[in-house]
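Contents: one structure, followed by commentary.
Each value in this text was obtained by applying a stated rule to the coordinates, not by laboratory testing. Predicted model only: the values in this text are computed from it and were never measured. All Cβ positions, even for glycine, are placed from backbone atoms using ideal geometry, and neighbour counts span all protein chains on display.
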Amino acid sequence: MKKSEHPYRYSTEGAIIYETLGIRDTTYESGFLELQRLLGDVRGRQFLDFGCGTGRSSEFLRSLGAVVHGVDHNLSMVEQAQKKTCDGMTFTLMEDVIPAGEKSMDGAISANVFIEIKTLDYMREACREVARVLKPDGVFVVMSANPAAFRSNFRNFSYSAREGVQSGERVICTIKSQGQSFDIQDTFWQENDYRSALESSGFVVESVTYPRPDVLWDTDESKVPPFIVIKARKIST
Ligand SMILES: C[S@@+](CC[C@H](N)C(=O)[O-])C[C@H]1O[C@@H](n2cnc3c(N)ncnc32)[C@H](O)[C@@H]1O
């Protein structure tokens, strides 16, 4: 099977549904607001968006004033992103290597991506690549699904992992937007997995937070924070 035909990779149809999600009034809003709080003032800074997808996280970062370089390994997602034409924001298809020079970025984010990385070795490789393109002391904020949320039904995504799910196990995530849905295969990771991948790749972890959404929906957001948000910094060398 070719990589592009994998049933749990983003098809053109999946990418189009993903593109309709947005942030405001979605499950994702609490995670992005926390990411914004942790980044502080990014105006005029060069930022990598690792796993930019259809460009939603890049647009968010751009709205905060950063100059954004979105990269992603999925052609369907990058094609949707490239339809967004905006100064200060570019989208590039990548394979294993991030198409950016060493120490060229002031900071980086990765939103809703690490959950799609299948092994700890690949997660370390991704972190090493991000570290390579970051300037010394550059910040890297990772937003991912809360390990405690893998049996939750949120407004915009749901998981039904088995009880006792272990690190590295595959779990189907159903993404929901505007009455449409599609499945994607995620991998269950715990806080320590993210920490160890970052810490063995040239980062120090400065904080780990689980932002609680302020919503009154009948889905699980008020019971379980949907996201873990990790602020790391490249060790200055
Ligand atoms: C759920 S989407 C999130 C997109 C965007 N960051 C957002 O929050 O709207 C995850 C994206 O990460 C990309 N991705 C996953 N693993 C990746 C990797 N190792 N390298 C580059 N892109 C990756 C996928 O192709 C997908 O487009």
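Data overview
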{"quantity": "Counted charge near GLY40, where neighbours are those whose Cβ lies closer than 13 Å (Asp, Glu -1; Lys, Arg +1)", "calculated": "+1"}
{"quantity": "Whole-angstrom gap from segment 20-78 to segment 119-171, using each part's C-alpha centre", "calculated": "16"}
{"quantity": "Residues VAL97, VAL139, sorted so that the one with the fewest Cβ neighbours within 10 Å comes first", "calculated": "VAL97, VAL139"}
{"quantity": "Other-chain or far-sequence residues with amide H under 5 Å of ASN112's (modelled H)", "calculated": "MET143, SER144"}
{"quantity": "Where trypsin sites (Lys or Arg not before Pro) fall in DSSP loop in segment 160-201, at most 16 other Cβ within 10 Å", "calculated": "ARG162"}
{"quantity": "Cα-centred dipole magnitude for segment 30-156, charges only on beta-carbon of K, R (+1) and D, E (-1), debye, nearest 20", "calculated": "360"}
{"quantity": "Charge dipole magnitude, Cβ of K and R +1, D and E -1 - segment 82-237, Cα centre, debye nearest 20", "calculated": "160"}
{"quantity": "Cut-off under 5 Å, modelled amide H: who pairs with THR92 long-range", "calculated": "GLY70, VAL71, ASP72"}
{"quantity": "Rg [Å, one decimal], Dmax [Å, integer] - segment 79-197, C-alpha atoms", "calculated": "16.1, 47"}
{"quantity": "Charged-residue dipole, Cβ positions (Lys, Arg, Asp, Glu), segment 165-222 about Cα centre, Debye nearest 20", "calculated": "120"}
{"quantity": "Farthest positive-ward along segment 89-237 dipole, Cα basis, beta-carbon charges - from ILE175, VAL97, PRO211", "calculated": "PRO211"}
{"quantity": "Filter on LYS103/LYS176; LYS83/LYS223; LYS83/LYS176; LYS118/LYS223 - keep pairs with C-alpha separation over 32 Å", "calculated": "LYS103/LYS176; LYS83/LYS223"}
{"quantity": "Footprinting exposure proxy for LYS234, LYS223 (fewest neighbouring C-beta atoms within 10 Å first)", "calculated": "LYS223, LYS234"}
{"quantity": "Coil-residue GluC sites (Glu not before Pro) of segment 95-153, DSSP, other Cβ within 10 Å capped at 12", "calculated": "GLU95, GLU102"}
{"quantity": "Net charge contributed by nearby residues that have their C-beta within less than 9 Å of ASP96 (K/R +1, D/E -1)", "calculated": "-3"}
{"quantity": "Long-range amide H partners of PHE157 with built H, under 5 Å", "calculated": "LYS176"}
{"quantity": "Computed [θ] at 222 nm, helices only, for the chain once each DSSP H run of length n ≥ 4 contributes -39500 (n - 2.57)", "calculated": "-7000 deg cm²/dmol"}
{"quantity": "Gyration tensor over alpha-carbon atoms, the chain, equivalent ellipsoid semi-axes in Å", "calculated": "25, 20, 19"}
